Each structure stands twice: as structure tokens, then as C-alpha cells.
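Enquirer: Okay, handing you the structure first.
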Amino acid sequence: MAGRPAEPEVIWARPERAGRGPAPAYTRTDIAAAAVGIADADGLDAVSMRRVAGQLGCGTMSLYNYVPRKEDLYELMLDHVSAEYDLTGPSGDWRADMLDLGRQARGILRRHPWLIRVMSTGYAQGPNALRFLEHGLACLADLDLAGGAKMELLASVNGTVMTVVSSELAVSERSRGLPWPPEREQEVRAAYLGKALATGEYPHLAEVFATADPPPDPDEMFERTLRRVIDSFA
């Protein structure tokens with residue numbers, strides 16, 4: 001394995017392949033696509049340099065000439081899926097554009113459930129990630145906010161989407177592990193909650209449940225939450 005650099009390195013500042021020799025046999029896109037395919041199928045923990053190399057048909061040691069660290073591989077993966085955004089626009093309506101980016105982000109995170117762990121590392125300096133940020137700022141060009149506040153708005157939209165999708169994925173994962181239908185568990189829990197509220201120990205909670213509308217559709221709840229975040233910057 002190639003030795004670790006003495007100073008921090010950005011994978012995007014490196015040549016496609018380190019060292020001398022013939023032209024690179026693989027592109028970063030090839031490597032990222034192989035790693036993303038593994039993660040989509042078996043989860044992020046299944047991604048290893050050895051397995052990616054096997055997917056590409058090369059030796060593990062050869063792969064280190066292209067990607068010196070596993071952290072760099074994650075960064076390639078993050079940038080690869082960032083290309084899934086449709087960055088058409090801006091439309092002239094910054095709220096609508098932010099909603100559109102939020103909806104797209106939700107779809108991407110659902111297609112790649114492992115992505116939240118990679119995004120949480122904070123590495124997003126690849127060409128596709130930078131195009132996303134440039135597009136987002138272009139959509140906010142007419143909004144009377146300082147540049148830092150616009151970056152905060154983009155971060156808030158992404159953070160809200162990540163929080164919502166994290167919860168959705170956790171509920172979905174738990175439901176798959178239940179020995180009974182999830183609907184049956186909801187019935188049992190609702191019955192228990194009803195009995196607890198009937199004791200009178202939780203009057204405020206009981207009032208809310210007595211007057212609240214039925215639980216909203218998850219898509220409606222997502223839209224409403226995201227709109228509130230966006231409107232807070234108006």
C-alpha cells in the first residue's frame with residue numbers, strides 16, 4: 001500500500017494516477033461507480049479497496065496508485081452521486097429552486113442509503129459538488145442576503161433533508177426486522193398510548209392528540225418542514 005502523505009492532500013488536486021508508466025487503465029469515474037455499486041448493494045461497510053479492485057479487475061495495490069486512502073474513495077463516491085442532480089435553471093423563484101434541490105436530495109439519499117454517512121464527513125470539494133454549490137448560489141443571486149447566509153441556507157436545506165431521510169431510513173430498517181407486520185405494531189403502540197393519556201397524567205399531550213388532525217402523509221410533512229426552513233431566510 002502506498003505510504004500516507006506527510007501533509008493533507010485533496011484527491012482532486014492529484015493526477016488521475018500517481019507514478020510513471022502507461023496511461024491510466026481506469027478513470028476516477030470508473031472507480032467511483034464500482035464503489036457506489038457495492039455500497040448500494042451491500043452497504044458502506046462492504047466497500048473496501050480490495051473489493052473495488054476486484055470489481056474493476058485489477059490488483060488491490062494497483063488501485064492505491066489511483067486512490068491513496070479509503071477516505072479519498074468516499075470522496076469520489078460522494079461526488080459521483082452528486083452528478084445525479086438536475087441543475088437546470090435558475091428558475092427566477094429562489095424558494096421554488098430550493099424546494100427542488102431539497103426534493104432531489106431526498107431522492108438521491110433514498111437511492112443511496114449509505115450516502116448520509118459519507119456526507120456527514122464534510123468532504124464535498126469535487127467538481128460535481130462544486131457545481132451543485134455554484135448552482136445553489138446562482139438560484140439565490142437575487143435574494144438580499146450576505147454570501148455567508150446564502151451558504152447557511154443551502155446547508156440548512158441539506159441538513160433538513162438529511163434529518164428527514166435518516167428518520168425515514170431508520171423506520172424502514174426497523175420495520176424490515178420486525179417479526180410481525182409494522183401495521184400491527186402501530187396498532188399495539190396506539191392502544192398503549194391511548195391508555196397512558198387516559199390516566200390524566202399528560203393533559204397537554206392528551207389535548208394535542210384529541211384535537212390533532214390525522215398524521216400527515218410523509219411527503220406532505222417533508223414539504224411543509226422544508227418550506228418552513230426556506231421561508232425563515234426570506
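The values are calculated or read from the model by the stated rules, or taken from the named source; none is laboratory data. These numbers come from a predicted model, not from an experiment. Glycine gets a Cβ as well: all are built from the backbone with ideal geometry, and neighbour counts include every protein chain shown.
Enquirer: Quick one: how many residues across the range 216-234 are part of a helix (DSSP H, G or I), of a type in the set (D, E, K, R) and more than 30 Å from Asp142 (Cα to Cα)?
Expert: Initial filter on the range 216-234 (part of a helix (DSSP H, G or I)): 218-231.
Filter once more, keeping what is of a type in the set (D, E, K, R): 219-220, 223-224, 227-228, 231.
With more than 30 Å from Asp142 (Cα to Cα) added as a condition, the list becomes none.
Result for the range 216-234: 0.
Enquirer: A further question on this structure: What number of residues in the range 193-206 are closer than 27 Å to Ser175 by Cβ and exposed (fewer than 10 other Cβ atoms within 10 Å of the Cβ)? Break it down into steps so the answer makes sense when it comes.
Expert: In the first step, residues of the range 193-206 are kept if they are closer than 27 Å to Ser175 by Cβ; the result is 193-197, 202, 205.
Then keep just the ones that are exposed (fewer than 10 other Cβ atoms within 10 Å of the Cβ); that gives 195.
The total comes to 1.
Enquirer: Testing Val81 on (1) under 13 Å from the mean Cα position of the chain (by Cα); (2) β-branched (Val, Ile, Thr); (3) exposed (fewer than 15 other Cβ atoms within 10 Å of the Cβ), one condition comes back false. Which one is that?
Expert: (3)
Enquirer: In the range 7-24, which residue that is among the hydrophobic types (A, V, I, L, M, F, W, C) and farther than 9 Å from Tyr66 by Cβ is modelled with the lowest pLDDT? Outline the logic, then answer.
Expert: Kept after step one, since they are among the hydrophobic types (A, V, I, L, M, F, W, C), are these residues of the range 7-24: 10-13, 18, 23.
Then drop every residue that is not farther than 9 Å from Tyr66 by Cβ, which leaves 10-13, 23.
On the way: Val10: 85, Ile11: 86, Trp12: 85, Ala13: 84, Ala23: 59.
The extreme case among them is Ala23.
Enquirer: Filter the range 123-136 for residues that are touching a helix residue (DSSP H, G or I) at 6+ places or on another chain (Cβ under 6 Å), free of Cβ contacts under 8 Å to residues at least 60 places away in the same chain, over 21 Å from Phe222 (Cα atoms) and not aromatic (Phe, Trp, Tyr) and give the result.
Expert: Scanning the range 123-136 gives Asn128, Ala129.
Enquirer: Further question: With respect to the numbered conditions (1) under 30 Å from Glu152 (Cα atoms); (2) surrounded by 12 or more Cβ atoms within 10 Å (Cβ to Cβ), which one is the sole condition not fulfilled by Pro182?
Expert: (1)
Enquirer: Looking at Arg103, Arg50, can you tell me which residue is basic (Lys, Arg), in a helix (DSSP H, G or I) and not assigned by TED's automatic domain parsing to the domain that holds Ala170?
Expert: Numbers: Arg103 fails: not assigned by TED's automatic domain parsing to the domain that holds Ala170.
Of the residues listed, the single one that is basic (Lys, Arg), in a helix (DSSP H, G or I) and not assigned by TED's automatic domain parsing to the domain that holds Ala170 is Arg50.
Enquirer: Could you count how many residues in the range 149-173 are touching a Pro at 6+ places or on another chain (Cβ under 8 Å) and surrounded by fewer than 15 Cβ atoms within 10 Å (Cβ to Cβ)? Explain how you work it out, then say what you get.
Expert: Within the range 149-173, the first condition is being touching a Pro at 6+ places or on another chain (Cβ under 8 Å), and the residues that meet it are 168-169.
Restricting the remaining residues to those that are surrounded by fewer than 15 Cβ atoms within 10 Å (Cβ to Cβ) gives none.
Number of matching residues: 0.
Enquirer: Just name the residue that is surrounded by the most Cβ atoms within 10 Å (Cβ to Cβ) out of those in the range 39-50 that are among the charged types (D, E, K, R) and closer than 23 Å to Leu109 by Cα. Lay out the reasoning, then the answer.
Expert: Of the range 39-50, the ones among the charged types (D, E, K, R) are 40, 42, 45, 50.
The next check asks that each one be closer than 23 Å to Leu109 by Cα; those that pass are 40, 42, 45.
Working: Asp40: 16, Asp42: 12, Asp45: 9.
Out of the qualifying residues, it is Asp40.
Enquirer: Can you report the number of residues in the range 80-102 which are touching an Asp or Glu at 6+ places or on another chain (Cβ under 9 Å), among the charged types (D, E, K, R) and without any contact (Cβ under 8 Å) to a residue 60 or more places away in the chain?
Expert: Summing the residues that are touching an Asp or Glu at 6+ places or on another chain (Cβ under 9 Å), among the charged types (D, E, K, R) and without any contact (Cβ under 8 Å) to a residue 60 or more places away in the chain in the range 80-102 gives 2.
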